[in-house]
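Take a look at the structure set out below.
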Amino acid sequence: MPAFDIHAYLKDRKLLIDRALDRCLKECKPYPQTLDKAMRYGLFPGGKRLRPILTLASGDLFGAKQKLLLAFASALELIHTYSLIHDDLPALDNDDLRRGELASHKLFGEGIALLVGDALLTEAFHLLTRPQVVRSLEPELILELIHEISHAAGVCGMVGGQVVDLETEGREVDVATVEYIHARKTGALILTAARVGARIGRAAPKDLRRISRYAEFLGLAFQIADDIADAVDQIQAAKDSERKKATYPSIVGLAAARTRARELLDHCLKELEPFGKRADPLRGIARYVGEQVQ
Ligand code: GRG
């Protein structure tokens, strides 16, 4: 049997998500035109679509309906895109470029970049409460999923992690603090992305616990891989060191950071063993993150 082709899988899933995001924008009819342009600019061509692909992969493992998965996957990508647009603002990371192109605030101005982030975040929850979504799931489950997503995006997750990140700039921090920041700033949304798919597929509690552990390990490995990429990129490394930003390699060194990331990815693979070949997409995603550990 041919080996699972993760790159073909990621390309194919990204296409599905792109189409769903495009439909979502058409349905919410962003107005005025500047908002439409700026929302599209943030979303397309987009990045790896890791979070929504995780939702699709974990949902497929438990036989969830693709239409429902795509609604949740799109909402998570809207939230992720808002976080990047706000993160690039001068008041936060002050980055002029995102994915090699002008950051939203450089093209549209700070005011629009702030508002487009607000619009994407709000639209995520608007999308999840559309009649066609609400009709397809039990009301209690929809509420629980929205509760879980808002928890991951908010005070106890991404925003909270970002605040600790900001407040620890220039201060000595230990590995536990960096892991705390990573688990919230980056890990929380990744964890939720995988859990939401599994929950829509009505995964049994023990399977959901496995998927949760897989995604926790994956989220931390993903952020350590990102830290390693920044450390080996001279421009980004200079920026981080100027701001005395704590990153995994800045505390434990590059070699130990690589070892830690690989160890976490091995844990991911272990969690998937009981699912056999059906978990190949999730396994492939972990291996793909491993490829990024330079
Ligand atoms: C609430 C004002 C306000 C700001 C929010 C929370 C936040 C600012 C920013 C968080 C940004 C973030 C998630 C940083 C983590 C670093 C990281 C790995 C980001 C890139 O994720 P990828 O690689 O991006 O998945 P692509 O480009 O593939 O979409």
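The values are calculated or read from the model by the stated rules, or taken from the named source; none is laboratory data. Remember, it's a predicted structure, so these values are computed and weren't measured experimentally. Quick note on the areas: whole protein, heavy atoms, side chains included, nothing else; ligands and nucleic acids left out. Shrake-Rupley method; radii C 1.70, N 1.55, O 1.52, S 1.80 Å.
Under 1.5 on a/c is rounded, so check that first for region 68-224, then, if it is not, pick prolate when a/b is larger than b/c and oblate when it is not; a ≥ b ≥ c are the square roots of the alpha carbon gyration tensor eigenvalues.
The shape class here is oblate.
Would you tell me the accessible area of residue 7, worked out with a 1.4 angstrom probe on the heavy atoms of the protein chains, in Å² to the nearest 10?
100 Å²
Using amide H atoms built 1.01 Å from N in the peptide plane, name the residues 5+ places from residue 98, or on other chains, whose amide H lies under 5 Å from its own.
For residue 98, whose amide H was placed from the backbone, the distant partners under 5 Å are 103.
Ordered by residue, what ³J(HN,Hα) values in Hz, to whole numbers, does region 6-21 give under the Karplus form 6.51 cos²θ - 1.76 cosθ + 1.60, where θ = phi - 60° and Gly and Pro are x?
Karplus-based 3J(HN,Hα) across region 6-21 equals 5, 5, 5, 4, 4, 5, 5, 5, 4, 4, 4, 5, 4, 5, 5, 5 Hz.
Apply the Karplus parameterisation 6.51 cos²θ - 1.76 cosθ + 1.60, with θ equal to phi minus 60°, to every residue of region 211-228 and state each ³J(HN,Hα) to the nearest whole Hz, in sequence, with x for glycine and proline.
Whole-Hz 3J(HN,Hα) from phi for region 211-228: 4, 5, 5, 3, 6, 5, 4, 5, x, 5, 4, 4, 6, 5, 4, 5, 4, 5.
Given axes a ≥ b ≥ c from the Cα gyration tensor, I'd like to know whether region 72-157 is rounded (a/c under 1.5), prolate (a/b larger than b/c) or oblate. Intermediate values should be presented prior to the final figure.
Details: a/c = 3.05, a/b = 2.30, b/c = 1.32.
Here region 72-157 falls in the prolate category.
Just the number, please: carbon plus sulfur as a percent of the accessible area of the chain, 1.4 Å probe, no ligands or DNA/RNA counted.
Values: 7940 of 14100 Å².
Of the solvent-accessible surface of the chain, carbon and sulfur hold 56 percent.
Once phi is turned into θ = phi - 60°, what whole-Hz ³J(HN,Hα) does the Karplus curve with 6.51, -1.76 and 1.60 give for every residue of region 241-258, x standing for Gly and Pro?
6, 4, 8, 6, 7, 6, 10, 4, x, 5, 9, 9, x, 5, 5, 5, 5, 5
Ignoring everything except DSSP H segments at least 4 long, calculate the 222 nm mean residue ellipticity for the chain; use -39,500 (n - 2.57) per segment, divide by total residues, nearest 500.
-23500 deg cm²/dmol
At a probe radius of 1.4 Å, what is the per-residue accessible area of residue 19, in Å² to the nearest 10?
Accessible surface of residue 19 is approximately 130 Å².
Based on the alpha-carbon gyration tensor of the chain and its eigenvalue square roots a ≥ b ≥ c, which shape applies: rounded if a/c is under 1.5, prolate if not and a/b is larger than b/c, or oblate?
Judged from the Cα gyration tensor, the chain comes out oblate (a/c at least 1.5, b/c at or above a/b).
When the solvent-accessible surface of protein heavy atoms is calculated with a 1.4 angstrom probe, in what order do 67, 245, 270, 29 fall, highest first?
Order by accessible area, largest first: 67, 29, 270, 245.
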